[in-house]
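Undergrad: Just passing along the structure, written as structure tokens.
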Amino acid sequence: MTQPVTYERDGRIGLIRIDNGPVNALSHAVRIGIVSALDAFEQDAAADIAIVHGAGRLFIGGADITEFGKPPQDPWLPEVIDRIEACPKPVIAALHGAALGGGLEVALGCHYRLAMPGTKLGLPEVTLGLIPGAGGTQRTPRLTGLAKAMEMVSSGTPVSPEDALACGLIDRIGAGALVAEAKAYATDLLEQGAPARPVSAMPRPAPDAEASAAIRSRLARTAKGLVSPLAAVEAVEAACDTDLRDGLAIERQKFREMMETPQREGLIHAFFTERRVAHLPEIAGVAPRPVARVGVIGGGTMGAGIATAALLRGLSVTLIERDAAAAAKARDTIGGNLAAAVKRGKLSEAMRDTALSQALTTAISYDALSDVDLVIEAVFEDMSVKKKVFAELDRVCKPGAVLATNTSYLDINEIAASISRPQDVVGLHFFSPAHVMKLLEVVVADKTAPEVTATAFALAKTLGKVAVRAGVCDGFIGNRILSHYRAAADRMVLAGASPFQIDAALTDFGFAMGPYAVADLAGLDIGFLTRQRKAATRDPQDVVPVWADALYHLGRLGQKTGRGYYIYEGRQGTPDPEVDRLIAEARADAGITPRSFDKAEIVRRYMAAMVNEAARVVDEGIAQRPLDVDVTLLSGYGFPRHRGGPMKWADMQGLESLLADIEGFAQEDPFFWHPAPLLMRLVAQNRTFDSLNAG
Ligand code: COA
Ligand code: NAD
């Protein structure tokens, strides 16, 4: 096996190279390797200065997250960093790509830091429910001052080399080739007679009461319910009153506490599942078809958003609308979306101009699609309209073009069967707004070719989306589960809970928004039309939220009309007593005496409905693994990331108690509640959902 860390010398300069692809994570072998390389450097009388650098595309991506939760193995990272810092001869960290978490902490243990342009320097541990555990909270403020260090550790957001130079985190920005630049810096330092310069010997940061108060008030808004950001701030503040050794002990203590939290477990689950979601045996080794030119049919809410997403990532787009006026309107919407991206610094003005003048074409005739590599249809949700569109695509598109539909509910097998090339048809279910939302459900129909699935996953990567594989059913993974937990919420409303109480209980749980605020955002017409569509096949025992139909008939369609469940002045709604009155009428009509619900019961019922339906979705193969459900709900439905997703949440609660809840609910409402067979099997076998994620 090749060594993950090597030492060699060039003239008076020792070179310590870390090579542990893909991200040079600080595994046990790397930690041992760094210590031996330092030994070699110290004993090498001809070497007067050392450079630590990473092979491949980045310096070091962090501690090895796969080792978290396992017994620690010597040497620990803090010891390795102390060892670097204690080296009597100067050591330079030469950073490129990224120096994150433990990677930046290694750099802070070195005596001088050089970063190449574009390097991301950050302490992202809070995004994993942790705090820096190898000196990051103590050394950073000694270089940058308290305020900047508190900001870095509590947000987890990386800084640029320019920012890092300005705040004192690094000493120099290079240009050209990494190792050559680092050697030039080493030569300069040797000429200056620069000594070893440990950060631990630098003065403590000065307390800054104003910055401490400001960061707390920011966290109260942006990190509600999260424990690690505040712990990270407290550890940094400890640097003001302690020497490095005592500060490190405080940091370690807090790091250990964070390691034991369920939030850490949920966040790390989210991190790995988001990466594993694209590992699918059916597309392993299958080459995607190249996609440079994209067609979009329909320039309404979704079509304009999808076109924007493609243009933002440098693809060329041909958008087809029904007439010139609709095409012009779509162009305006896209122009507005791109202007907003320029404003947020996501796109340069020049790139925006090129996108609108060269990359985007709008047309009325389908013939404009003859050379596109992939088409996404986003016309009205109506099977006959979709089939007409696909017949046109079948006629004009070149052989091998991927033909995708953005349908939310329709049967993609039926669409595919209506044309001569069903193997090229796939569902690409974007979420609104399509240029913002991360989730993309890739709906694989019976005849979809593996290359087409692979192309869909590759496109998602190009667009910066998280793709999840789903099978064909009403609502695929996300909307199918959503309609079930929404129904559970409506049943609670009928029984006595108010929509506002339900929303409050779920935002307390950590959801970005409650289901009724979400309905107002999406538009109450969407739910109404879905109920209409399902009316013919609905079981008479099912609960119909007649109050929601009443809101629709009153023209209260949600945020877009200023009223829905809530009254809006701006985007923040206030509960409307009129809605309570409509619901009271519905209860009276149904002969129901309302009872009270507390927040805990609301969460239990809502989550039980979500997990129960999710278990069916997995059992039926609509989602291949529980992790596909977790990623869907995390990236498309505002599920709290620190809870890891509904299946992870269920595992952490214990499946047995969840099943007992569902069995209890089934006794009072046997129509709605049926324990999912998969849940029963897992409980009988004493297994978790996570045990199905392996492989
Ligand atoms: N430990 C172990 N494995 C890691 C890792 C870490 N710190 N960081 C990334 N990986 C793995 C990923 O799981 C992925 O594995 P896979 O190929 O089997 O799916 C692989 O390395 C590549 O990671 P990916 O995120 O796809 O690469 P990227 O180039 O998009 O991003 C990073 C690279 C380093 C920016 C990104 O991986 C990242 O943010 N890592 C975590 C950084 C962090 O939080 N560090 C703090 C820990 S103390
Ligand atoms: P929309 O009504 O805003 O837009 C549809 C557009 O398609 C209109 O601009 C219309 O002029 C155009 N159109 C209709 N027939 C056409 C044809 N034959 N050729 C060219 N253009 C045609 O609808 P939307 O909300 O953008 O939804 C489009 C699709 O996306 C639907 O299938 C819907 O179910 C799905 N979807 C919607 C959402 C959402 O939140 N709105 C989310 C995911 C998926």
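Undergrad: Condition check: at pLDDT below 95 and either more than 30 Å from Lys648 (Cα to Cα) or open to solvent by less than 70 Å² (accessible area, probe 1.4 Å) (or both). Does Ala223 satisfy that?
TA: Taking the combined requirement at face value, the residue satisfies it.
Undergrad: Can you name every residue in the range 436-450 that is among the acidic types (Asp, Glu) and surrounded by fewer than 18 Cβ atoms within 10 Å (Cβ to Cβ)?
TA: The answer is Asp446, and nothing else.
Undergrad: Taking the range 131-172 as the region of interest, how many residues are of a type in the set (Asp, Glu) and surrounded by 24 or more Cβ atoms within 10 Å (Cβ to Cβ)?
TA: Of the residues in that region, 0 qualify.
Undergrad: Filter the range 185-212 for residues that are of a type in the set (A, V, I, L, M, F, W, C) and surrounded by 15 or more Cβ atoms within 10 Å (Cβ to Cβ); which is nearest to Gly136 (Cα to Cα)?
TA: If we take residues in the range 185-212 being of a type in the set (A, V, I, L, M, F, W, C) and surrounded by 15 or more Cβ atoms within 10 Å (Cβ to Cβ), then Val199 is nearest to Gly136 (Cα to Cα).
Undergrad: Residues that are part of a helix (DSSP H, G or I), under 25 Å from Gly400 (Cα atoms) and either open to solvent by less than 10 Å² (accessible area, probe 1.4 Å) or not aromatic (Phe, Trp, Tyr) (or both): does the range 312-333 have at least one?
TA: Looking through the range 312-333, at least one residue is part of a helix (DSSP H, G or I), under 25 Å from Gly400 (Cα atoms) and either open to solvent by less than 10 Å² (accessible area, probe 1.4 Å) or not aromatic (Phe, Trp, Tyr) (or both).
Undergrad: As an exercise: evaluate Phe476 against (1) of a type in the set (Phe, Trp, Tyr); (2) surrounded by 24 or more Cβ atoms within 10 Å (Cβ to Cβ); (3) away from ligand 2 (no atom under 15 Å from the Cβ) and give the number of the one condition it does not meet.
TA: The failed condition is (3).
Undergrad: Then there is this: Do the conditions hold for Arg142, that is, is it of a type outside the set (A, V, I, L, M, F, W, C), more than 16 Å from ligand 1 (Cβ to nearest atom), touching a helix residue (DSSP H, G or I) at 6+ places or on another chain (Cβ under 8 Å) and assigned to a loop (DSSP other than H, G, I, E, B)?
TA: It is false that Arg142 is of a type outside the set (A, V, I, L, M, F, W, C), more than 16 Å from ligand 1 (Cβ to nearest atom), touching a helix residue (DSSP H, G or I) at 6+ places or on another chain (Cβ under 8 Å) and assigned to a loop (DSSP other than H, G, I, E, B).
Undergrad: Looking only at the range 165-187, filter to residues that are farther than 18 Å from His53 by Cα and out of contact with any Ser or Thr (no Cβ under 6 Å at 6 or more places or on another chain); which one of those is nearest to ligand 2 (Cβ to nearest atom)?
TA: Ala166
Undergrad: Out of the range 282-299, which residues are away from ligand 1 (no atom under 16 Å from the Cβ), open to solvent by 40 Å² or more (accessible area, probe 1.4 Å) and of a type in the set (Gly, Ala, Ser)?
TA: Ala287, Ala292
Undergrad: Being open to solvent by 30 Å² or more (accessible area, probe 1.4 Å), touching a Phe, Trp or Tyr at 6+ places or on another chain (Cβ under 8 Å) and either away from ligand 1 (no atom under 16 Å from the Cβ) or in a loop (DSSP other than H, G, I, E, B) (or both): is that true of Arg352 here?
TA: No.
Undergrad: Consider Ala666 against the criteria (1) open to solvent by less than 30 Å² (accessible area, probe 1.4 Å); (2) touching a Pro at 6+ places or on another chain (Cβ under 9 Å); (3) touching a residue at least 40 places away in the same chain (Cβ under 8 Å): it satisfies all of them except one. Which criterion is unmet?
TA: (3)
Undergrad: Evaluate the following for His279: is it more than 16 Å from ligand 2 (Cβ to nearest atom), surrounded by fewer than 17 Cβ atoms within 10 Å (Cβ to Cβ) and more than 29 Å from Ala391 (Cβ to Cβ)?
TA: Criteria met by His279.
Undergrad: Which condition breaks for Val466 when tested against (1) within 15 Å of ligand 2 (Cβ to nearest atom); (2) open to solvent by 10 Å² or more (accessible area, probe 1.4 Å); (3) in contact (Cβ under 8 Å) with a residue 40 or more places away in the chain?
TA: (1)
Undergrad: Name, by its number, the condition in (1) surrounded by fewer than 21 Cβ atoms within 10 Å (Cβ to Cβ); (2) within 23 Å of the chain's Cα centre (by Cα) that does not hold for His269.
TA: That leaves (1) as the condition not met.
The values are calculated or read from the model by the stated rules, or taken from the named source; none is laboratory data. Keep in mind it's a predicted model, so treat the numbers as computed, not measured. Every residue, glycine among them, receives a Cβ derived from its backbone with ideal geometry; neighbour counts consider all protein chains shown. Keep in mind that these areas ignore ligands, DNA and RNA; they rest on the heavy atoms of the full protein, side chains included. Shrake-Rupley method; radii C 1.70, N 1.55, O 1.52, S 1.80 Å.
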